[in-house]
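Worksheet for the structure shown next.
Any read-out appearing in this document is the output of simple, stated calculations on the displayed coordinates, not a laboratory observation. Note that the structure is predicted; figures quoted are calculated from it, not measured. Here the Cβ is made from the backbone with ideal geometry for all residues, glycine too, and neighbour counts use every protein chain on show.
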Ligand code: 26W
């Protein structure tokens, strides 16, 4: 932990400012003040960073590398200040210069290099690894453009590129001396040398991978791990004119562009796989660079390659980095000259894999022809892995051809990445109990029977440092006053809050804190959307990617139903509610975009109808991102976790809301089940189909949405409201939603769950009438949220999968 007094900090800041900008602080604007602050803090961090790296090199402890195509870090300044333990000093020092730290924090661009849950999980994991003194680092891509910025124009989503590096990035360090070459295309020359086959990759196109390192600072423990993100460049940084004959200047530029395209932009799809060659290039690019640099570093410090798996763990975040398996094999075979069997032992022991989705349309399968052309040597290795693996299957499952072909890595002209990931790693985990059960019993059943010991569950978590202590200071202060500070280092100590949740005084305090957070959000919504909302109303929130399986449509239909009721019974006694939505749709996902339009049209209609306005309002906040989530979640009363049971692998916003004292309305899906188990049925509102019922329909058929529509008047009415001009004069406007529900038989069982959802919502309404009881429930949720800290999750990964040495400070 840094010890810094205010005066020292002020001096240092003033110096930094002058050195950087060549003028007095008063003359500058906030952007310059932010840059000076970031740069000063980075100087402090660099000392810690160097020491941590030295310590790792000397101790030789096992190093974990978390390979992920996405890291959704959000802003770093506030987190770094908190973790260094200098937030207060910094705030007060800046105040003496008339600078508001909050204003500077807001100038930082979100680092939005991820789509949603999977990317944010990676960021929480980095924070927990550093805070638990685990030598764990991230490896990914430094996209020049992150997840697109979402604008709403005439109610529709419009995508704008996210130029997050425009003003520079104070946290990263370019390390050109640590660059690696990644080879694409070309051919493999096979030769026999002294009875051994050698493989030489020739005529390839080299791409230079340049690392940019960002320190990941642990919580008050003098640790800074590394997030290494790779950027693609041409091998000679200047245009290599000489290799292009004269007159081919344009070709040279085209070549440069095609290389740089590799790390140009994050693919904005998170649930639908398209076999795009650029994405395959991205995957091999960062995996190859990462693996080569790990081995180079390991070698440099005298590591014995045969013991690699004792000193290094590589974790792959979903199948996107699966090529780490054949890439490590390539290095061991071709560069280290190790035998196949030994290389395979080292590789499988080094690599572990997490599955994050069971949506069939999200599973990655690369066309063999494309793959072979782009990565000829890697393809040969995959072929050999498949050959040896299939031989094992043939001897085990005699004549069971169907089963063998289901389990193969290469089949139907495609490479199935999930099968490769399972075969080439020693551990396969799901991200919540139900999800892992479904993987074992349904999705990966055959593989599970073949390798039962590989499969395990690691329920997701979130870092309570960012999501509670930093983003909800009101609540964390109240918690500290009530139960002390131990929960900061030991989040399960939040349980001590449970007995206080029954105290009237504490309930009132909880209510006061929530009210302040709601007022702030209401203010923000007024400024951003021009909509006046009542902080005394229930804030009912659904913020996440827009997707059919997450069922924003169910929420919409229920609001439409409530609206009908209110118009018919203006005196209906309900608690006033504000429905808040946010989330991005994949640019090519028509239905999801249509859902955004529907939400905005409902908002227009409802908000402009004075007859219901003291009761309900609807808001769609544009451009959902980490920093916006940090404003919305602390102000939420009702957390909507309403996915079709079996479809949401875990969910992680459910945990954030719970930790911030919201009541969850949920299906028994993903980690909602574990939240229910923690808080008990009285402190969560559950509705909808069970996993069994859903799986039954999916396997045996028998669901008919039209029947429900015909039988249930309320359902019938709201479904028709989609196409009868109530929400848009163009009656075809929401046709895709309507057709999805009716013509295509409602794949996600929205209509089936409608009635039980309405009942659950009515229950919420009744519960809120007794605000003391309500706050008691919120308090119980907070008290039980500690197990959902990613510290717990990371300890389980470290002991159960990575075998890293755990050193807990101050235990
Ligand atoms: C190929 C396109 C693609 C890209 C990303 C397909 C699938 C993905 C991710 C696996 C999607 C994702 O973010 N999954 C979410 O992972 C979270 C962290 O484990 C879970 O909490 C969510 O339930 C799951 O949807």
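Could you tell me which of rounded, prolate or oblate describes region 584-665, using a ≥ b ≥ c as the square roots of the eigenvalues of the alpha-carbon gyration tensor, with rounded for a/c under 1.5 and, failing that, prolate when a/b is larger than b/c and oblate otherwise? Oblate shape, in that a/c is at least 1.5 and b/c is the bigger or equal ratio. Label point of residue 397 set 7 angstrom out along Cα-Cβ; within region 433-458, amide nitrogens under 19 Å from it belong to 438-455.
The value of relative contact order for the chain, using C-alpha pairs under 8 Å at least six residues apart, is 13 percent. With q set to 0.13, 0.14, 0.16 Å⁻¹, the log10 of I(q)/I(0) for region 130-207, from the Debye formula over equal scatterers at the Cα positions, is -0.81, -0.86, -0.93. Scaled to the compact-protein estimate 2.2 N^0.38 Å, what is the alpha-carbon radius of gyration of the chain, rounded to two decimal places? Cα-based Rg divided by the globular estimate yields 0.97.
Taking the Cβ-Cβ separation of residue 47 and residue 590 as r and a Förster radius of 51 Å, what is the calculated FRET efficiency to the nearest 0.05?
Working: r = 52 Å, r/R0 = 1.01.
My answer for the efficiency is 0.50.
Our analysis of region 269-377 gives Rg over Rh at 0.99, with the two radii drawn from alpha carbon positions and Rh computed by the Kirkwood formula.
Overall shape of region 523-589 was characterised from the C-alpha gyration tensor. The equivalent ellipsoid obtained from it has semi-axes of 24, 18, 9 Å, in decreasing order.
Each helix, a run of at least 4 DSSP H residues, gives -39500 (n - 2.57); summed and divided by the residues of the chain, these come to -14000 deg cm²/dmol at 222 nm. Note: region 459-576, Cα convex hull, 165 Å³ per residue. Set against the 2.2 N^0.38 Å expectation for a compact globular protein, region 82-212 has a Cα radius of gyration ratio of 1.61.
Given a Förster distance of 22 Å, report the FRET efficiency between residue 716 and residue 524 from their Cβ-Cβ distance, rounded to the nearest 0.05.
Details: r = 38 Å, r/R0 = 1.72.
For R0 = 22 Å, the calculated efficiency reads 0.05.
Gyration tensor analysis over the Cα atoms of region 451-527 returns equivalent ellipsoid semi-axes of 30, 20, 11 Å (largest first, whole Å). In this simple spin-label model, placing a label point 7 Å from the Cα along the Cα-to-Cβ direction at both residue 496 and residue 516 gives a separation of 2.2 nm. Taking the average, over residues, of other Cβ atoms within 10 Å as the packing measure, peptides 676-686, 20-30, 542-552, 645-655 rank 645-655, 542-552, 676-686, 20-30 from highest down.
Here region 176-325 was treated as a single set of alpha-carbon atoms; its pair distances binned every 5 Å from 0 give 2, 7, 12, 16, 18, 17, 12, 8, 4, 2, 1, 0 percent.
Using every Cα-Cα pair within region 353-479, state what percent have a distance larger than 26 Å. Can you show the working numbers first?
Numbers: 2942 of 8001 pairs.
Taking all Cα-Cα pairs of region 353-479, the fraction more than 26 Å apart is 37 percent.
Its residue count N fixes a reference of 2.2 N^0.38 Å for region 408-452, and the Cα radius of gyration divided by that reference is 1.17.
Just to check, using Stokes-Einstein with a Kirkwood Rh over alpha carbon pairs, what's the diffusion coefficient of region 710-776 at 20 °C and 1.002 mPa s in µm²/s? Don't skip to the end; give the middle numbers.
Values: Rh = 13.9 Å.
Estimated diffusion coefficient is 154 µm²/s.
Is region 339-417 rounded, prolate or oblate when judged by the Cα gyration tensor, a ≥ b ≥ c being the square roots of its eigenvalues, rounded requiring a/c under 1.5 and prolate requiring a/b larger than b/c? Since a/c stays below 1.5, the shape of region 339-417 is classed as rounded.
What shape does region 559-705 take by its C-alpha gyration tensor, where a ≥ b ≥ c are the square roots of the eigenvalues and a/c under 1.5 counts as rounded, a/b above b/c as prolate, and the rest as oblate? It is rounded, given that a/c, with a ≥ b ≥ c, falls under 1.5.
Under a no-solvent Debye model with one identical scatterer per Cα of region 22-93, what's log10 I(q)/I(0) at q = 0.12, 0.16, 0.19 Å⁻¹? Log-scaled intensity ratios, in q order: -0.51, -0.81, -1.00.
Considering every alpha-carbon pair of region 669-716, the percent of pairs per 5 Å bin, from zero through the bin containing the longest distance, is 5, 17, 16, 17, 16, 14, 13, 2.
Using a Förster radius of 51 Å, what is the FRET efficiency between residue 745 and residue 573 based on their Cβ-Cβ separation? Nearest 0.05, please. Result of the calculation: an efficiency of 0.85.
Counting pairwise Cα distances across region 44-136, what percent come out greater than 20 angstrom? List each step's numbers first, then the result.
Numbers: 2168 of 4278 pairs.
Cα-Cα pairs of region 44-136 separated by over 20 Å account for 51 percent.
Taking max minus min of the alpha-carbon positions on each principal axis, region 247-316 gives extents of 49, 40, 15 Å, largest first.
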